[in-house]
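A.B. asks: So that we are looking at the same thing, I have put the structure below in structure tokens.
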Amino acid sequence: MIKLKSAYSSYENTDGYRILVDRLWPRSISKQKAHIDLWLKEIAPSSELRKWYAHDETKWDEFKERYFNELSSKKELLDMIVEKSKVGTITLVYSSKSPLNNAKALLEYIERSYL
């Protein structure tokens, strides 16, 4: 099972293996409070794409298309996430305040391509 959760939400034991999927560390969150098992910066959108999107929800569909393009070359990282999810719960952790964020797009990509 793969879940999504904000870095600003409280850690719970049911989160399982927590993977931070942002290129930047969440502001004002200590490493201890975040309970991150793996910081997978490489799976995050490129800096250029992140800056272009800037959480402008009118760009969501195009953002996903561009991000999915980037993800197509990250098979090893995606395989690792999927394999870990077969063993237990995985929580993709993100820092965006917007509900339309890279973690949501990443989960959609995984569900379409792997599950």
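The values are calculated or read from the model by the stated rules, or taken from the named source; none is laboratory data. All values reported here derive from a predicted model rather than from experimental measurement. In this analysis, Cβ positions are derived from the backbone assuming ideal geometry, glycine residues included, and neighbour counts consider all displayed protein chains. Please note that ligands, DNA and RNA were not included when accessible areas were found on the heavy atoms of the full protein model with its side chains. Shrake-Rupley method; radii C 1.70, N 1.55, O 1.52, S 1.80 Å.
A.B. asks: Quick one: putting +1 on the C-beta of Lys and Arg, -1 on the C-beta of Asp and Glu, what dipole do you get for the chain around its Cα centre, in Debye to the nearest 20?
C.D. replies: For the chain, the charge dipole is close to 360 debye.
A.B. asks: Ok, one more. Could you name the lysines whose alpha carbon sits less than 16 Å from that of Lys41, not counting residues in the same chain fewer than 8 places away?
C.D. replies: Once the sequence-local lysines are set aside, what remains near Lys41 is Lys31, Lys51, Lys74, Lys75, Lys104.
A.B. asks: If you split all Cα-Cα distances of region 39-115 into 5 Å bins from zero, what percentages do you get per bin, shortest first?
C.D. replies: Using 5 Å bins, I get a P(r) of 3, 14, 29, 27, 17, 8, 2, 0 for region 39-115.
A.B. asks: Next up: Rounded to the nearest 5, what is the percent of antiparallel bridges among the DSSP beta bridges in the chain?
C.D. replies: Numbers: 0 of 11 bridges.
DSSP beta bridges in the chain are roughly 0 percent antiparallel.
A.B. asks: Determine the relative contact order of the chain: mean sequence separation of Cα pairs under 8 Å and six or more apart, normalised by residue count, in whole percent.
C.D. replies: 44
A.B. asks: Let me ask something else. Measure off, as a whole percent, the carbon and sulfur share of the 1.4 Å-probe accessible area of the chain, all protein chains present.
C.D. replies: With neighbouring chains kept in place, the figure for the chain is 49 percent.
A.B. asks: Lys/Arg Cβ at +1, Asp/Glu Cβ at -1, dipole of the chain taken about the Cα centre: which of Leu24, Leu100, Ile2 is farthest positive-ward?
C.D. replies: Leu24
A.B. asks: Quick one: length gained pulling Arg27 to Lys74 fully straight, 0.36 nm per residue minus the C-alpha distance?
C.D. replies: Extra length available between Arg27 and Lys74 comes to 14.3 nm.
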